Amino acid sequence: MSYQRAERLGYMSLDEEMADTMDEFEEVFYNEDTNLDDFEMVTEGTDTSAAQARKGKDIQGIPWERLNITRQSYRLTRLEQYRNYENIPLSGDAVDKECKQVKKGGNFYDFFYNTRLVKPTILHFQLRNLVWATSKHDVYLISNYSLMHWSSISNNLTEVLDFSGHIAPSEKHAGSLLEGLTQTQISTMAVENRFVVAGGFQGELVCKCLDKPGISFCARTTYEDNAITNAVEIYDSLSGGLHFMAANNDCGVREYDMEKFQLMNYFRFPWPVNHTSMSPDSKILTVVGDDLTGLLVDSQNGKMVGSIVGHLDYSFASAWHPDGRTFATGNQDKTCRIWDMRNLSSPTAVLKGNMGAVRSIRYSSDGRFLVVAEPADFVHIYNAEGEYKKRQEIDMFGEISGVSLSPDDESLYIGIWDRTYASLLQYNRRRSSVYVDLFT
């Protein structure tokens, strides 16, 4: 990811792609005859439950019947006018000519609830890993300068950490900035095993244990200008301890243990690293970034053990299937490609999106499903057990800040950033038995 492009496009107020999208949305919605007072009345405080959606209410609470355009017409407009961001010109067009989309028809998760009390945000338009579910009822997300927690049981939103002012560690660890950090802009995050690791726009790392007050560790990993933290991942290391990996725009990947927060490994690559993911056995690391080729490397020494060739642009997402053999990569060429590490000569499947890059990928913990998020409007759920030949499409409007499956795969959460309709969508795993909605 280019630092110059990030500086020009990365902040919400300056992001041309997002600004143009939202301006277009508002232009279509409003004209000189629109009564804005009436519009405020119909958009204020409109959460949506499954029961309301079954009766015809829009899941995002958009009052289409009061607007100057139908949902279907606006969807067609978006598909025609949305501009996918590419580092390699026409990479998406080339894919459109070569690949057919998997037909819709899967129905794996049902809409359950949408809350507009939650306001997810994003810092950089290419980084969309800012929503994490730690249970089917608990979600952590970034909203402006704050790390927030949402409970779907109590419908309660609480602030966990405020990055807008000065923060400093309450524990002493070698390498930790005891003087702390000020106004940290969070570009990515991960939550696992009661730990939060947040990465910043200037190479900052902030670690917090959710069971303790204060911050455990904070550091500035590099003082290079090109220092955006692009991705972090928390995982169980080969030694059995909890570690995390941070991928940075300075071409470095850093591994830390989470007991003493010591730097365990530092691997350097020829290009900015946009995302990494650790294999289930913690032996192999996928590395993707500002290059057409992705890498598989030994997690202990960083040596290459395989290469991934086939994408037509830069990649920003990767994920391993629980079987430890299959993994997926997401790219600005609008595809998610599935690979078998036993034969990397070509992908086993190429999954094409509707209109934008693949920014986030999640496998379910049982390996049955693959969740693929575009930058805006669409999340796709594929049946991984059925060779990815069945697809459920979740269709909404707005920039997607992140997607997350709960550890038990029972709930899927989608963060939506939008000037008017920012919200958190919850879908629940479809079961054969009929259940009663908790919200009516």
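Output needed for the chain: three equivalent-ellipsoid semi-axes, defined as square roots of 5 times the C-alpha gyration tensor eigenvalues, in descending order, whole Å.
Taking √(5λ) for each eigenvalue gives 32, 26, 22 Å, largest first.
Under 14 Å from the Cβ of Arg391, count the other residues' Cβ atoms, weight Lys and Arg +1, Asp and Glu -1, and hand me the total.
+2
Output the DSSP H helices from the chain with an along-axis C-alpha extent of no less than 24 Å and a mean Kyte-Doolittle hydropathy no less than -0.5.
none
Quickly estimate the mean residue ellipticity at 222 nm for the chain, helices only: each DSSP H run with n ≥ 4 gives -39500 (n - 2.57), and the total goes over all residues, rounded to 500.
It comes out at -3500 deg cm²/dmol, rounded to the nearest 500.
What dipole magnitude, in Debye to the nearest 20, does segment 161-257 give about its Cα centre under +1 on Lys/Arg Cβ and -1 on Asp/Glu Cβ?
220 debye
Taking the Cα centre as origin and putting +1 on Lys and Arg beta-carbons and -1 on Asp and Glu beta-carbons, what dipole magnitude results for the chain, to the nearest 20 debye?
Values: 43 positive and 61 negative charges, 302 e Å.
Dipole of the chain, to the nearest 20 debye: 1460 debye.
How far, in nm, would the chain grow between Lys57 and Arg342 when pulled straight, counting 0.36 nm per residue and subtracting the alpha carbon separation?
Gain in length upon complete extension: 97.8 nm.
Under a 1.4 Å probe, what is the accessible area of the chain per residue, stated in Å²?
41 Å²
If one computes the Cα centroid of segment 115-157 and of segment 221-266, what distance in Å separates the two points?
That distance is 23 Å.
With a 1.4 Å probe and all protein chains kept in place, how much accessible area does Lys119 have, in Å² rounded to the nearest 10?
Rounded to the nearest 10, the figure is 90 Å².
Along the three principal axes, how long is segment 348-440 when you take its alpha carbons, biggest first, rounded to the nearest angstrom?
Taking max minus min along each principal axis of the Cα atoms, segment 348-440 gives 38, 38, 19 Å.
The values are calculated or read from the model by the stated rules, or taken from the named source; none is laboratory data. These numbers come from a predicted model, not from an experiment. Heads up, the Cβs are rebuilt from the backbone with ideal geometry, glycines too, and the neighbour counts pull from every protein chain shown. Please note that ligands, DNA and RNA were not included when accessible areas were found on the heavy atoms of the full protein model with its side chains. Shrake-Rupley method; radii C 1.70, N 1.55, O 1.52, S 1.80 Å.
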